[in-house]
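Scroll down for the structure; my scribbles are underneath it.
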Amino acid sequence: MKYLVHNIHFVLALVSLLLYLVRGSFLLLNKPSQTMMSLAALTSLALFGTGLALVYSSTSMSFANYWVVTKIVTTLLYVFFGVMAFRSELPKQNAIVLWLFGLIAFAYTFAIAKGLLSPLT
């Protein structure tokens, strides 16, 4: 079961990144898409849910572990920057900067998950 949840989580992370990149291209083209926003929100929610399921199902991971806490915080930052970037009342320059911060948060989260970087302590 844990292996299945892990694979679903990995696929959701890739789908989330793909949707984020597509939404970023829509941002650059000034073409907002309500459908893409809904898909991205559902994907982010499922990604977060599977992440929590992984923490719950694993005996070696707990909320006392810096690795887990850092991944949760950086995932929330990724979602926050995405939400802020795609607000229609923002100037385009600010939206692009926030979108890039979201990409950085995603990249950092991914690097932690793959063991390429150590979490913040």
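The values are calculated or read from the model by the stated rules, or taken from the named source; none is laboratory data. These numbers were taken from a predicted model, which means no experiment stands behind them. Glycine also receives a Cβ, built like all others from the backbone with ideal geometry; neighbour counts cover every protein chain displayed.
Is at least one residue of the range 86-93 modelled with pLDDT of 80 or more, in contact with a Phe, Trp or Tyr (Cβ under 9 Å, 6 or more places away or on another chain) and assigned to a helix (DSSP H, G or I)? Checking the range 86-93: not a single residue is modelled with pLDDT of 80 or more, in contact with a Phe, Trp or Tyr (Cβ under 9 Å, 6 or more places away or on another chain) and assigned to a helix (DSSP H, G or I). Restrict the check to the range 59-68 and report whether at least one residue is surrounded by 14 or more Cβ atoms within 10 Å (Cβ to Cβ), outside any helix (DSSP H, G or I) and not small (Gly, Ala, Ser). Among the residues of the range 59-68, at least one is surrounded by 14 or more Cβ atoms within 10 Å (Cβ to Cβ), outside any helix (DSSP H, G or I) and not small (Gly, Ala, Ser), which makes the answer yes. Residue-level check: of (1) at positive phi; (2) at pLDDT 90 or above; (3) not hydrophobic (A, V, I, L, M, F, W, C), Asn30 misses just (2).
If we keep just the residues of the range 6-48 that are small (Gly, Ala, Ser), under 12 Å from the mean Cα position of the chain (by Cα) and surrounded by fewer than 19 Cβ atoms within 10 Å (Cβ to Cβ), which is nearest to Asn94 (Cα to Cα)? Once the filter is applied, the top-ranked residue is Ala41. Within the range 110-121, being surrounded by 12 or more Cβ atoms within 10 Å (Cβ to Cβ) and either within 14 Å of Gly24 (Cβ to Cβ) or free of Cβ contacts under 8 Å to residues at least 40 places away in the same chain (or both) holds for Ala111, Leu117. Name the single residue, out of those in the range 70-104 being more than 19 Å from Leu42 (Cβ to Cβ) and among the small types (Gly, Ala, Ser), that is surrounded by the fewest Cβ atoms within 10 Å (Cβ to Cβ). Here the answer is Ser88.
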